[in-house]
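Asks: Let me give you the structure first, and then I'll get to my questions.
The values are calculated or read from the model by the stated rules, or taken from the named source; none is laboratory data. Just so it is clear, the model here is predicted, and its values are computed rather than measured. Note that we place each Cβ from the backbone using ideal geometry, even for glycine, and neighbour counts take in every protein chain shown. Protein only, heavy atoms only, side chains kept; ligands, DNA and RNA dropped before computing areas. Shrake-Rupley method; radii C 1.70, N 1.55, O 1.52, S 1.80 Å.
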Amino acid sequence: MAARRALENLSGQTQPAALLFEHQQGLLARLHLIQGEAEKALLVVNPLLQDASMQQRRTSMIELLLLKTLALHARKEISPALLTLAQALLLAEPEEYIRTFVDQGPALIALLMKLLDAQQKRSMPEVRGISRDYLHAFWELYLRSFPGMLWIQAKQMVPICSPKGKKRV
């Protein structure tokens, strides 16, 4: 499925050189995040996201939205980070992207927990369109990928719940 999407990107209106540039800029944004320069990461990501949106490149949009989510989270802008993550999830769910999210690492765990909580409390209208089964699929893969993970980048203790959200580990 991912290979098909990549071929569609390459055979569409977007030139391979433009996709290579986008990939390089995405790596630059990640480096900025690693160095604690979230503002610089956002300056790189936002124009790329706008371009991907205009060209309706779903895979690029999802990946860039995730980078933006991580940058906003690093700046302690939790509400905008959650909204951006919800936007990425809504784009990703129809084609069941999961690995793309999990590959972002444990930093996304806290935000996904907050989205699950908001969905259960019905406190965030933006997550109503995301199925619970889809969100729980992330948990199952996260728990397999990061067994015993209780710490995230901010070094805050985060209780890990079971995929169905009933039991805390």
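Asks: Can you give me the solvent accessible area of K114 with a 1.4 Å probe, rounded to the nearest 10 Å²?
Replies: About 100 Å², rounded to the nearest 10.
Asks: Measure off 7 Å from each Cα along the Cα-to-Cβ vector at D133 and Q120, then give the distance between these two points in nanometres to one decimal.
Replies: Using points 7 Å along Cα→Cβ, the separation is 2.0 nm.
Asks: Another one. How would S79, S60 line up by accessible area, probe 1.4 Å, largest first?
Replies: S79, S60
Asks: Suppose the chain between H23 and D103 were pulled fully straight at 0.36 nm per residue; how much longer would it get relative to their current alpha carbon spacing?
Replies: Extra length available between H23 and D103 comes to 27.3 nm.
Asks: Moving on to the next point. Taking +1 at the Cβ of each Lys and Arg and -1 at the Cβ of each Asp and Glu, which of L112, Q50, Q25 sits farthest along the dipole of segment 11-145 towards its positive end, judged by Cα position relative to the Cα centre?
Replies: With unit charges placed on the Cβ atoms, the residue in question is L112.
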